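Below you'll find the structure, written out as structure tokens, and then a few comments.
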Amino acid sequence: MTIHDLRQLADEVRAETIDAVSVTGGHLGAGLGVVELTVALHHVYETPEDILIWDVGHQAYPHKILTGRRDRIRTLRQGGGLSGFTKRAESVYDPFGAAHAATSISAALGFCAARDQQGRDNRVVAVIGDGSMSAGMAYEAMNNASETTRQLTVILNDNDMSIAPPVGGMSAYLARQVSGGMYQSIRHLGRNVTSLLPKPLKEAARKAEEYTRGMVTGGTFFEELGFYYVGPIDGHNLDHLVPVLRNVRNITDRPVLVHVVTQKGKGYGPAEAAADKLHAVAKFDVVSGKQTKAKANAPSYTRVFAEQLIKRAERDPRIVAITAAMPSGTGLDLFANRFPERMYDVGIAEQHAVTFAAGLAADGMRPFCTLYSTFLQRGYDQVVHDVAIQSLPVRFAMDRAGLVGADGPTHAGSFDIGYLGALPGMVLMAPSDEAELAGAVATACVIDDRPSAFRYPRGEGVGVDIPDWATPWAIGKGRVVREGTAVAILSLGTRLADSLAAADLLAARGLSATVVDARFAKPLDEALILRLAREHEALITVEEGSVGGFGAFVLQLLAEKGALDRGLKVRTLTLPDRFQDQDKPEIMIAEAGIDAAGIVAAALSALGVEQAKIARA
């Protein structure tokens, strides 16, 4: 295509992206910001032979439209539809799946090493931006790149102007010059000449060339990491992008970083005007940009957490809050409005967030390290080494615990019960509703001798009244919500409502059920669990977490105490031992068998009662 044709294509891709996301919801602003860059990359590079890796992946909707998936683009984030991120199983044009930030350069370097080992000459490109460059992993990879390969291109998508000055014709001209053949020829000639010089003069000449160019283009930092820096250039100007990318494609003697400045939400007025550039949206009206959000029946768990933390912080100046680039997603934007000097957003740096919190705790503060469950995984070594081993009272507030619907397996908080419950000394809580969440926050505030954590899901609460000032729980004690005789249902977290519904269904069949809100996965309420084991024929554990979590802890207790020797029948209901693709939350819950029907089926199975006979009766 000609540049004129590419401009028209970019306009069409932008319009298609806006229209598709208006139907499905999803990430909008980041994708709109890279439309021209996406078109230029697919114009210059021969994908999928040339490897193109997107970081984080939510900016890849235009890429999907251009790579054979336009006919399915309105199935984004739907059950059986396209993933909201890049996904290897979905297309050969997605060589690497990405939904967590800052993985692209490391993965691309792996592709480079594999190519070099196999003697091939295809190109490898990583596009990183939208905050991902605040993560240490990106710099670890860049530091290793010059020692590993000679051909790697990193596109730094700078969409907040945090690094670059305003760009225009002069910077684009300079970028073309330093990436072009003439400059490269002169540079190679200079290298050949300086190779004959003594080592001190050779090193001085190299640094002189890099620093002189760095003074003009601002790339000295990247040069020190071993990259040849090109930019900054206007990421929306195809007249600038295409020739620079063509030049860069021919640089094969060292890794290259191309600094591209873009505008998040570009080309769609409502996105450009929004503070978050419409980063993530529900379905919306294209003309007005107004989002169609369901009317809330109850406050979200995220908001309840934030409001409860603010109440506690008003009385306790030692309480501080930490998040990793997710202030609004975790509700800490509300905390920051009230206590701007006591909220720390460390960027996409979960490892740092955890150890930073450990330092605060070690000096007498009460830090709440507030992350999505799926992102806390990135800081697990720090949780073990810097927090748990030292018994430091860091409080981990884990939002988005359990299934997350349209965001799919990459964002599901499936594993925190198992990975935190494995740590000696950890207090691990799971409130069953928004009132219980207030209690969990209150409890975390008074645990000063060891680390603690509490998990809560995405979305609304169940509509219960929240106490003005919640009372802390007794550590390691659950609560009996309903007494019965035949089967005991031991629920952890927000599966309690379905557990009570299951008890009603069992009662209609003449089977009496005890329902317990466990509250704690660690330490377990041993006395209560052993009583349930003695007084019931069957025990069902229910959790919205992976195999190896709460149910496994309960089974180990029962085995150690000999409770299984008396013929107790046990069923542990968890998420399935596989990654569930995106779908509506209620469908995913039913598929996992942890809804009311699934609990009833497990109870009947444990008791040896055939469902068909019960149904006919």
Subject >> helices (runs of 4 or more DSSP H) (entirely within the range 22-97) containing at least 1 residues that are touching a residue at least 60 places away in the same chain (Cβ under 8 Å) and closer than 24 Å to Val281 by Cα >> reply: 29-33, 35-44
Original post:
Which residue, of Ala271, Ala306, Ala296, is in a loop (DSSP other than H, G, I, E, B) and either touching a strand residue (DSSP E or B) at 6+ places or on another chain (Cβ under 8 Å) or at negative phi (or both)?
Top reply: Ala296
**OP:** Report, by residue number, each residue of the range 376-418 that is acidic (Asp, Glu), assigned to a helix (DSSP H, G or I) and surrounded by 21 or more Cβ atoms within 10 Å (Cβ to Cβ).
**Re:** Asp386, Asp407, Asp416
Subject >> Identity of the residue in the range 114-130, loosely packed, with under 15 Cβ neighbours inside 10 Å and either in contact with a strand residue (DSSP E or B) (Cβ under 8 Å, 6 or more places away or on another chain) or not charged (D, E, K, R) (or both), that ends up nearest to His63 (Cα to Cα) >> reply: Ala114
**OP:** Would you confirm whether any residue within the range 243-251 is over 25 Å from the mean Cα position of the chain (by Cα), part of a loop (DSSP other than H, G, I, E, B) and in contact (Cβ under 8 Å) with a residue 40 or more places away in the chain?
**Re:** yes
Subject >> First in the range 142-153 and in the same structural domain as Arg123 (by TED's automatic domain parsing), second anywhere and assigned to a helix (DSSP H, G or I) and among the charged types (D, E, K, R), Cβ under 6 Å, 6 or more apart >> reply: Thr149/Asp116
Original post:
Any idea which residue in the range 131-154 is surrounded by the fewest Cβ atoms within 10 Å (Cβ to Cβ), counting only those that are out of contact with any Leu (no Cβ under 7 Å at 6 or more places or on another chain) and under 21 Å from Pro48 (Cα atoms)?
Top reply: Arg150
**OP:** Filter the range 281-323 down to residues that are in contact with a Gly (Cβ under 7 Å, 6 or more places away or on another chain), among the aliphatic types (A, V, I, L, M) and modelled with pLDDT under 95, then give me how many there are.
**Re:** 3
**OP:** Quick one: which residue in Thr149, Thr103 is modelled with pLDDT of 90 or more, closer than 21 Å to His279 by Cβ and of a type in the set (Ser, Thr, Tyr)?
**Re:** Thr103
**OP:** Go through (1) surrounded by 20 or more Cβ atoms within 10 Å (Cβ to Cβ); (2) in contact with a strand residue (DSSP E or B) (Cβ under 7 Å, 6 or more places away or on another chain); (3) in a helix (DSSP H, G or I) one by one and return the number of the condition Glu544 breaks.
**Re:** (3)
**OP:** Answer yes if at least one residue in the range 352-366 is of a type in the set (Val, Ile, Thr) and either at pLDDT below 95 or on the phi > 0 side of the Ramachandran plot (or both), and no otherwise.
**Re:** no
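The values are calculated or read from the model by the stated rules, or taken from the named source; none is laboratory data. In this text the structure is predicted, and so the values were computed from the model without any measurement. Counting neighbours? That spans all protein chains shown, and the Cβs are built from the backbone with ideal geometry, glycine included.
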